[in-house]
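Report on the structure given below.
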Amino acid sequence: MPDTDDGLAPDQWEGPSKSALKRRMLSLQQLGETLVGLSEKQLGKVPIADERLLEVIREARAMRSHGARRRHLQLIGKLMRDIDADPIQEALQDMDRQRRDSADAFHQLEQLRDEVLAAGVAGTELVASRWPEADRQQLRQLILQHQRDTERGKPPGASRKLFRYLRDLQENYGDPD
């Protein structure tokens, strides 16, 4: 059996296989594709020290030709081989986690709004128990306005106002749960 360049027999070589190298290259290319899809503000939050990589990512955004874009993504993957991609991946995961947390908070507020509207005027106590600083009179007016809008078949303007008020309460006074 022929020896490898370092003098070891092929069954003694402990480096990554060719398939493993290709999988790593493709994962870096996919990571680069994710970076291309970010807005400029989001990209600013990702720790990329290589100015050439940032320049190539920005160039890839403007490309509409499928072939040129694919080649540019390969270039991004090649440039990423020379840097530590772990901090980039961690930053992207953190951004995704924040997005999911924000969506969860949004859905919880929607659910609270629906519970308050379903309870009627007694729904003010649901909000007041959660946020004692809440203006009960304003809550009561929004609930009654929603009931009138529903009876008249009008759009849910009061429901939207109630949601905005609940969101303001959460932003100003936090979530007590």
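Over the chain, with a Gaussian network built from C-alpha contacts below 10 Å, which listed residue (T124, T34, T150) shows the highest mean-square fluctuation?
It is T150.
Which FRET efficiency value, to the nearest 0.05, do you get for K161 and T34 by plugging their Cβ-Cβ distance into 1/(1 + (r/R0)^6) with R0 = 30 Å?
It comes out at approximately 0.20.
Restrict the search to the range 10-64; then list the trypsin sites (Lys or Arg not before Pro) that DSSP places in a loop and that have at most 16 other Cβ atoms within 10 Å of their Cβ.
K45, R64
What number comes out for the charge environment of I57, summing +1 per Lys or Arg and -1 per Asp or Glu over other residues with Cβ under 11 Å away?
With Lys, Arg at +1 and Asp, Glu at -1, the net is -3.
Normalising by the residue count of the chain, find the relative contact order in percent from Cα pairs under 8 Å and 6+ residues apart. If you can, show how the numbers build up before the last one.
Values: 110 pairs, mean separation 27.7, N = 177.
Over the chain, the number comes to 16 percent.
Going Cα to Cα from K22, which aspartates and glutamates come in below 18 Å? Please leave out same-chain ones fewer than 8 positions away.
E14, E33, D82, D84, D86
Would you work out the relative contact order for the range 16-83, in percent, from Cα pairs under 8 angstrom that are 6 or more residues apart?
Numbers: 38 pairs, mean separation 33.1, N = 68.
Relative contact order comes out at 49 percent.
Under the rule of -39500 (n - 2.57) per DSSP H run of 4 or more residues, summed and divided by the residues of the chain, what mean residue ellipticity at 222 nm is obtained, to the nearest 500 deg cm²/dmol?
-24000 deg cm²/dmol
When only Cα pairs under 8 Å and 6 or more residues apart are kept, what is the percent relative contact order across the range 100-173?
Numbers: 51 pairs, mean separation 22.2, N = 74.
For the range 100-173, the relative contact order is 30 percent.
Once R0 is set to 25 Å, what does the formula 1/(1 + (r/R0)^6) return for the Cβ-Cβ distance between E90 and K41, expressed as a FRET efficiency to the nearest 0.05?
Details: r = 18 Å, r/R0 = 0.73.
My answer for the efficiency is 0.85.
Taken together, the values in this text are just the output of simple stated rules run on the coordinates, not laboratory data. The structure presented is a predicted model; accordingly, all values stated were derived computationally and were not measured. Don't worry about glycine lacking a Cβ; one is built from the backbone with ideal geometry, like all the others, and counts go over all protein chains shown.
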